[in-house]
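Undergrad: Below are the structure tokens for one structure; questions will follow.
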Amino acid sequence: MRSPLDRHVAWLTLVFVACATAGPLAAAESTLSREDAATLRKLMYDYRKPGIDAATRGQLIGQIRALGPAAIEQMSEVLDKTLGSPIQGYQLQLFRAVQRSAIEKRRTADAATVEKLRHDVLDLRDNANLSKEQIVATGDPALDKLGGLLMPNVTDAIAGDERLKQTRDRIVEQAADWAALTGRPVDDVLAPAERTATLMALAPDGVSQNTLAGNLRYASRLDAEVVAGIDELNRIRLLLGLGAQAIDPKLCAAATDHSTDMAEKGFFAHESPVPGKASPWDRAKRFGTSASAENIAAGMSTGVAAIHGWWHSPGHFKNMLGGHKRVGLGEHDKHWTQMFG
């Protein structure tokens, strides 16, 4: 008879497969000239030839990269598909490892202590005169303690499982061409899967786990910092016993658009001077969705830093811990917009 964990992993396999086979958010508009498009087809054909060595693949990747963003995007889609199945298998392996850790942490954590820490933070939402100092004094230590009590550790899980470590090492080796093409660190290939596996192990119910697995389908089509920021928001919410929020790609697009307008048109406000984009609700509607709240920030270099900045700002803090079901995040030139629906 299979254990509850085995049955749970079997269910997640179906969820991951469904997400892994989902198509991209939208087809990229090609800006390649006819000559460059023909060159790209030839280079991609040569790349797929069996038996070519790593040095030759590297030369081909360099030539594709030189053709510009449209060529990089088309080739990255090819490499994403190549890496998709190995990463999916790795994520399932990793989930099994961190889930055991999470179950053990929940079993040994004092339930009354967890409940009190959560109440200490969530009660702040009802404080009409909430200040940053109160969040720092009460919210920060409570969240840190909850992390220590409940958060499984990916690094420890990998270090303690030689087979899992070997799987990860193989993917890192396979991802070298992707890193050379995109100019991003190899670990960026695995970061969304590792965060998702950890968050899903942390999630107490199938609803949040399904939401998180669904979010993974957008990871390769959104900016890495946007994905990291949304994952950090969901980490905070799960530690506090709140449900995970689903990525709304249309809200991400609306958020990015507002961040771009703020950066390029020299304003910083929820009210936009751009015709047709006056309010968050107008902006969400333009992108085919709806919004219920909005946060904005400027000056942060990473998505996680933006989340932490909003965490320490009373109004933004309350928005992030509200009852919204969907979220979008977008950045341009260190201007950030977070939209909820």
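The values are calculated or read from the model by the stated rules, or taken from the named source; none is laboratory data. What you are looking at is a predicted structure, and each value in this text was computed from that prediction instead of being measured. Note that we place each Cβ from the backbone using ideal geometry, even for glycine, and neighbour counts take in every protein chain shown. Protein only, heavy atoms only, side chains kept; ligands, DNA and RNA dropped before computing areas. Shrake-Rupley method; radii C 1.70, N 1.55, O 1.52, S 1.80 Å.
Undergrad: Between Tyr45 and Ala176, what is the label-to-label distance in nm when each label sits 7 Å out along the Cα-to-Cβ direction?
TA: 2.7 nm
Undergrad: Taking θ = phi - 60°, what integer Hz values does the Karplus form 6.51 cos²θ - 1.76 cosθ + 1.60 yield along segment 170-175, in sequence order, with x for Gly and Pro?
TA: 5, 5, 4, 5, 5, 8
Undergrad: Largest first, what is the accessible-area ranking of Tyr45, Tyr218, Tyr90 with a 1.4 Å probe? All intermediate terms of the calculation are to be shown ahead of the outcome.
TA: On the way: Tyr45 140, Tyr218 40, Tyr90 0 Å².
My answer, sorted largest first, is Tyr45, Tyr218, Tyr90.
Undergrad: Under a cut-off of 29 Å between alpha-carbon atoms, report the lysines in cross-link reach of Lys277, not counting same-chain residues fewer than 8 places apart.
TA: Partners found: Lys250, Lys265, Lys285, Lys318, Lys325, Lys334.
Undergrad: Then there is this: So which lysines pass the test for Lys165, namely a Cα distance under 28 Å, with those fewer than 8 places away in the same chain ruled out?
TA: Partners found: Lys81, Lys105.
Undergrad: Using a Förster distance of 41 Å, how high is the FRET efficiency between Arg286 and Ser85, based on the Cβ-Cβ distance and rounded to 0.05?
TA: Numbers: r = 37 Å, r/R0 = 0.90.
Once rounded, the FRET efficiency stands at 0.65.
Undergrad: Quick one: 3J(HN,Hα) in Hz for segment 273-285, Karplus 6.51/-1.76/1.60 with θ = phi - 60°, rounded, Gly and Pro as x.
TA: Along segment 273-285, the couplings run x, 6, x, x, 10, 4, 10, x, 5, 4, 5, 4, 4 Hz.
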